[in-house]
Amino acid sequence: MEPVIEMRSISKVFPRVVANDKINISVAPGEIHALLGENGAGKSTLMNVLYGLYQPTEGDIYIHGKKAEITNPNAAIAMGIGMVHQHFMLIPPMTVAENIVLGHEPRKFGFLDLSRAVERVEEISRRYGLQVDPRAKVENISVGMQQRTEILKALYRGAEILILDEPTAVLTPQEITELFEIMRNLIKEGKSIIFITHKLKEIMAVSDRVTVIRRGRVVDTVRTRDTNPQDLAAKMVGRQVSLQINKQIGVPGEKIMELIDLYALSNRKLPALRGVSLEIRRGEIVGLAGVDGNGQSELVEVIAGLRKAQSGKVMMLGRDITNYTPRKVISCGISHIPEDRQARGLVLDFNIEENMILETYYQDGFANGLILNHKQIEQHARRLIREFDIRPTDEKAFARSLSGGNQQKVIIAREVDGDPELLIAAQPTRGLDVGAIEFVHKRIVGQRDRGKAVLLVSLDLDEIMALSDRIAVIYEGRIVGAVSASEATEEMLGLMMAGAAG
Amino acid sequence: MVSLKPNSRKILELAGVPALAIVLGLVVGAIAMVWMGYSPVQGYRGLFAGIFGDSFSFGETIRSMTPLIYTGLAVAFAFKTGLFNIGVEGQFVLGMLAGALVGAALPGLPWLIHVMLAIGAGALAGACWAAIPGLLKGKFGVHEVITTIMLNYVSLILVNFLIRNYFRVTAQEATANVAPSADLTIVALKHLTGGARVHWGILIALLFMVAIAFILYRTTLGYEVRAVGFNPMAAQYGGINVTKNIVLAMLISGAVAGAGGAVEILGVFGRMAVSPVLPGVGFDGIAVALIGNNNPFGVLFGAFLFGALKTGAIQMQYQTQVPYAIIRVVIAGIVFFVATKEMVRWLLRLKRREA
Ligand SMILES: Nc1ncnc2c1ncn2[C@@H]1O[C@H](COP(=O)(O)OP(=O)(O)OP(=O)(O)O)[C@@H](O)[C@H]1O
Ligand SMILES: [Mg+2]
């Protein structure tokens, strides 16, 4: 059958990097074609070329066998290509509905017909089972809902070929299952999907074929049913990867942090935390499980000093640190990998070395009094780049130019490097490739083994179950139960996450 | 991933956009001249002569670019924190008054000390004036564009009121003359340039430029300011006090503008007179910063461009009768094309593709 899309010998060269090197890929009608590759392998770049955001340095694109000039995203949309980006491209002060219809608004007398827009959005959101609140402002909704908004945006524009760049990274397991259902439905209607993910399980579950990319080149294209996760991981990284976490049973020690009956409001001034109590001990990884939007983000922000607690206490090593400023919290030995790397974790217009000192720039070594010590700053960054395998290895590269996974690695390097008493890791492996996940998990377990404490917040139940010593479940702003990880089962956690008392 | 040589394209784009904008601005001016019945060739010849023609013209070009360096730096610095300080105009005016008063008082002080005191007073006045919008923004989130615009007009009325009621001498509506011990004139250069009003202010401006660049890129303060400007959420996360930095950036910005005002009095006017209108250099500073891409060294270039066009225009009008206002059209064109950078980039890219 004639492919819907054929990219022939596509190369894309950035000033310092060859991101794509003579890539050939074709997508059949009705196919889910997975793209797999390490962080920085060039997947997003290739898709941005297809979507008209980048012009290829060489190579041609054929759509339905005809050579296509895709000079900008509008041209791509007109050819039926829709893309959901790895990093959201939504306008925060506008509502969900406004964002979805943007550029293709329903009009009445030449003006935006908002109620019709809301209707249309509700209609497609029902049809595909993607739940959003069309009237909510994007700045006030959870990351998960933002992702669903992005997917709806592409569907609203009538995409025939849908590019999903790591859509599952921010979704809950339940939502992922639903998304797969949607994807299968779309395929039945004859649409085609290019699906990027780092989760081999997902590739096995939903794709028809996989193309593996390594350092800008295609390694292989295989039929999913002819392969297996071990094989794929090896192809992608070029070595055997351990997909299992090896860790000893932890020995919890003294209490490091205690949260007592915390209350706090969400961005929309609604109660988000309604009496959270929790303790975290030395030598312990506490996993916080829960469906997105049940107060996880707010809890982390309250501890980090980024959100005011209305009442209750945050105790760190016996000291009351409730509503401390972020700097004071940090100086108590608390480190925080934020859930949203681009909004909070990085200054995208700073280069890597500047981002590496975001919390420590004023301290001895990096500054002598008021004057920055560039030599030290540079060496510090070089060491972390080496240790955490950040690519490219250029400490002067802007954070903005890094691939999603490498941006995440910059944050992790910075936060783990200070050897904090308590590491709060919110979605720490979001967007990382299997090799990098293996590495990060080792570091997190390493923290524990050195007698430090870790609070792991993740929507990925597998990750929670594999890493944690104890699992606490949050539901509607309360901890509804905590169980030892060895006793926890997926069903049991699932029930607790849905509100059934544990 | 093969490494390539460092990119020359970025440099091309940084310099290319303003350069192309200047050409396009001049084209727009030429069209306006033709439309009004003048010869653009003659007009621009007059303009050029007015800029570089003789030592006097060049001296005057330097003179007129001097205050623009201060105001351009002030706008650029605030902008690095994400603040749009439209109030540079008012801060400049307050600096003028403070400079004039301190420059006239205390005669007989050693020159350097008196000059530093007078400029310091100007900086202080500008900083105090900028503190108002800074605090309003930092504490209450009132948008600085609104407050600074309004304060510009307040500053004009306030300064005129103060001069009329407290600081005037004799029958004239102006302050006392600046004492010789605070005069910034460079006598030798004045003779050399046939009476052009070049003064020490240009060198002080260069010092300010280096200082601002140093603060921005070499100090913890500059690091904070830039972090807040690029991403306040991440800055807050990193433990940086966003409110403090907003106020501080406003103070520094106002201080630079105020110093510029004082320098202008000490170097050019010698006293401060009641004026019906704002001097306008603060507003030009916005455009200067824009052309300079908010980079301190870019500001120097932008100030030179503006200073040159403004001085050259006088000569142009004198020699060729092409009205001065044409230069405003050229300037507006340049600002327009720099502001629509994306469009200019696009043109650059089209050109590359054809090549
Ligand atoms: N705009 C850009 N300027 C310079 N380099 C870039 C730019 N965009 C991407 N790169 C570089 O190109 C390479 C490929 O990046 P890309 O984002 O395509 O990776 P990816 O496969 O999507 O990785 P990830 O899984 O981490 O998202 C990286 O080395 C990246 O640093
Ligand atoms: Mg990517």
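The values are calculated or read from the model by the stated rules, or taken from the named source; none is laboratory data. Being a predicted model, the structure only gives us computed values, none of them experimental. Ideal geometry is used to build each Cβ from the backbone, glycine not excepted, and the neighbour counts take in all protein chains shown. Side chains are part of the model used for accessible areas, which takes the heavy atoms of the whole protein and leaves out ligands, DNA and RNA. Shrake-Rupley method; radii C 1.70, N 1.55, O 1.52, S 1.80 Å.
Interface area, chains A and B: about 2900 Å² of buried accessible surface, summed, with a 1.4 Å probe and ligands, DNA and RNA left out.
Could you order A:Lys137, A:Lys153 so the one with the most accessible surface comes first? Probe is 1.4 Å. Before the final figure, lay out each step's value.
Details: A:Lys137 90, A:Lys153 30 Å².
In descending accessible area the options line up as A:Lys137, A:Lys153.
Estimated purely from DSSP H runs of n ≥ 4, each contributing -39500 (n - 2.57), the mean residue ellipticity at 222 nm for chain A is -9000 deg cm²/dmol once divided by its residues. Excluding same-chain neighbours fewer than eight residues apart, the lysines reachable from A:Lys247 by a Cα-Cα span under 16 Å are A:Lys442, A:Lys452.
Largest first, the residues A:Ile81, B:Ile186, A:Ile260, B:Ile314 sort by 1.4 Å accessible area into B:Ile314, A:Ile260, B:Ile186, A:Ile81. Extension gain, A:Gln131 to A:Ala78: 0.36 nm times the residue separation minus the Cα-Cα distance gives 16.4 nm. Classify chain B from the C-alpha gyration tensor, please: rounded if a/c falls under 1.5, else prolate or oblate depending on whether a/b exceeds b/c. Because a/c hits 1.5 or more and a/b fails to exceed b/c, chain B counts as oblate.
Calculate the translational D of the range B:244-346 in whole µm² s⁻¹ from Stokes-Einstein, where the hydrodynamic radius comes from the Kirkwood formula applied to all Cα pairs, the temperature is 25 °C and the viscosity 0.890 mPa s. The Stokes-Einstein estimate is 156 µm²/s. Could you give P(r) for the range A:285-348, binned at 5 Å from zero, as whole percent values over all Cα-Cα pairs? For the range A:285-348, the binned pair fractions read 4, 16, 24, 26, 20, 9, 2, 0 percent. Using Stokes-Einstein with the Kirkwood hydrodynamic radius over Cα pairs, what translational diffusion coefficient do you get for the protein assembly as shown at 10 °C and a viscosity of 1.306 mPa s, in µm²/s rounded to a whole number? Here the translational diffusion coefficient equals 52 µm²/s.
Output the pairs from A:Lys108/A:Lys153; A:Lys67/A:Lys153; A:Lys255/A:Lys409; A:Lys22/A:Lys66; A:Lys22/A:Lys409 with a Cα-Cα distance over 23 Å in this structure; if there are none, say none.
Numbers: A:Lys108/A:Lys153 21 Å; A:Lys67/A:Lys153 26 Å; A:Lys255/A:Lys409 29 Å; A:Lys22/A:Lys66 19 Å; A:Lys22/A:Lys409 27 Å.
Checking Cα-Cα distances, A:Lys67/A:Lys153; A:Lys255/A:Lys409; A:Lys22/A:Lys409 exceed 23 Å.
Count the net charge of all other residues whose Cβ sits under 10 Å from the Cβ of B:Ala196, scoring Lys and Arg as +1 and Asp and Glu as -1. Computed value for this residue: +1. Comparing the full protein assembly with the isolated chain (1.4 Å probe, heavy atoms, ligands and nucleic acids excluded), the residues of the range A:364-393 losing at least 30 square angstrom of accessible area are A:Leu370, A:Ile371, A:Leu372, A:His374. For the range A:214-319, the normalised intensity computed at q = 0.09, 0.10, 0.19, 0.21 Å⁻¹ comes to -0.47, -0.55, -0.91, -1.06 (log10 of I(q)/I(0), Debye sum over alpha carbons, equal scatterers, no solvent). What residues from the range A:129-166 fall in the zone where the backbone N is under 20 Å from a label point 7 Å along the Cα-to-C-beta line of A:Lys108? Zone members listed by number: A:134-136. I'd like the FRET efficiency for B:Ile113 and A:Lys328, computed as 1/(1 + (r/R0)^6) with the beta carbon distance as r and R0 of 45 Å, rounded to 0.05. After rounding, the FRET efficiency stands at 0.55.
Near A:Ala426, the amide H atoms lying under 5 Å from its own belong to A:Ile337, A:Val457; only residues 5 or more places off or on other chains count, and H is placed 1.01 Å from N. For the range A:122-138 and the range B:83-130, what is the separation of their Cα centres, given in Å? First find each Cα centre; the distance between them is then 58 Å.
Listed by chain and number, the lysines placed with their C-alpha closer than 17 angstrom to that of B:Lys341 are B:Lys10, B:Lys351; residues fewer than eight positions away on the same chain are left out.
Database remark: amide H of B:Ala179 closer than 5 angstrom to the amide H of B:Ala104 (H placed geometrically; neighbours at sequence offset of 5 or more, or on other chains; Pro and chain starts carry no H). Where the centroid of each part is defined by its Cα atoms, how far is the range A:336-415 from the range B:17-66 in Å? Their Cα centres are 46 Å away from one another.
Report the semi-axes of the equivalent ellipsoid for the range A:341-419 in whole Å, largest first, where each axis is √(5λ) for an eigenvalue λ of the Cα gyration tensor. List each step's numbers first, then the result.
Values: eigenvalues 75, 32, 28 Å².
With the √(5λ) rule applied to the range A:341-419, the semi-axes are 19, 13, 12 Å.
Sparse packing (at most 13 other Cβ atoms within 10 Å of the Cβ) combined with a DSSP loop state is found for the following trypsin sites (Lys or Arg not before Pro) in the range A:193-294: A:Arg239, A:Arg268, A:Lys269. Taking a straight Cα-Cα cut-off under 13 Å and skipping sequence neighbours fewer than 8 places away in the same chain, the aspartates and glutamates within cross-link reach of A:Lys137 are A:Glu98.
Applying Stokes-Einstein at 20 °C and 1.002 mPa s to the Kirkwood radius of chain A, computed over alpha-carbon pairs, gives a translational diffusion coefficient of 90 µm² s⁻¹. Between amide H atoms placed 1.01 Å from N, distances below 5 Å from A:Val18 occur with B:Val2, all of them 5 or more places distant or on a separate chain.
Within the assembled protein chains, the solvent-accessible surface assigned to A:Glu378 is about 50 Å², based on a 1.4 Å probe. The range A:146-262 has equivalent-ellipsoid semi-axes of 32, 24, 12 Å, by the square roots of 5 times the alpha carbon gyration tensor eigenvalues, sorted largest first.
A simple spin-label model places the labels of B:His143 and A:Glu69 4.1 nm from each other, with each point 7 Å out along Cα-to-Cβ.
Check every DSSP H run in chain B and write down those whose alpha carbon atoms cover 30 angstrom or more along the long axis and whose mean Kyte-Doolittle hydropathy is 0.5 or greater. The partial results should precede the final answer.
Values: long enough: B:9-35 (37 Å, 1.81); B:55-80 (36 Å, 0.74); B:111-140 (43 Å, 1.34); B:242-264 (33 Å, 1.32); B:296-320 (35 Å, 0.73).
Those that clear 30 Å and a mean of 0.5 are B:9-35, B:55-80, B:111-140, B:242-264, B:296-320.
In chain B, helices alone account for a calculated mean residue ellipticity at 222 nm of -25000 deg cm²/dmol, with every DSSP H run of four or more residues adding -39,500 (n - 2.57).
Give the accessible surface of the protein assembly as shown per residue, rounded to a whole number of Å², with probe radius 1.4 Å and ligands, DNA and RNA excluded. The partial results should precede the final answer.
Numbers: 36240 Å² over 857 residues.
For the protein assembly as shown, the per-residue accessible area is 42 Å².
The alpha carbon gyration tensor of the range B:79-177 gives principal lengths a ≥ b ≥ c with a/c of 1.5 or higher and a/b no greater than b/c, which makes the shape oblate.
Ligands, DNA and RNA left out, the 1.4 Å accessible surface of the protein assembly as shown is 59% carbon and sulfur atoms. Here the 3J(HN,Hα) profile of the range A:388-398, calculated from phi with Karplus coefficients 6.51, -1.76 and 1.60 at θ = phi - 60°, is 9, 6, 7, 10, x, 8, 9, 5, 8, 5, 6 Hz, Gly and Pro shown as x. Of all DSSP-defined beta bridges confined to the protein assembly as shown, some 55% are antiparallel rather than parallel.
Does the range A:5-237 come out rounded, prolate or oblate by the C-alpha gyration tensor, with a ≥ b ≥ c the root eigenvalues, rounded set by a/c under 1.5 and, if not, prolate when a/b is larger than b/c and oblate if not? Show your work: numbers first, answer last.
Details: a/c = 1.86, a/b = 1.46, b/c = 1.27.
It is prolate, given that a/c is not under 1.5 and a/b is the larger ratio.
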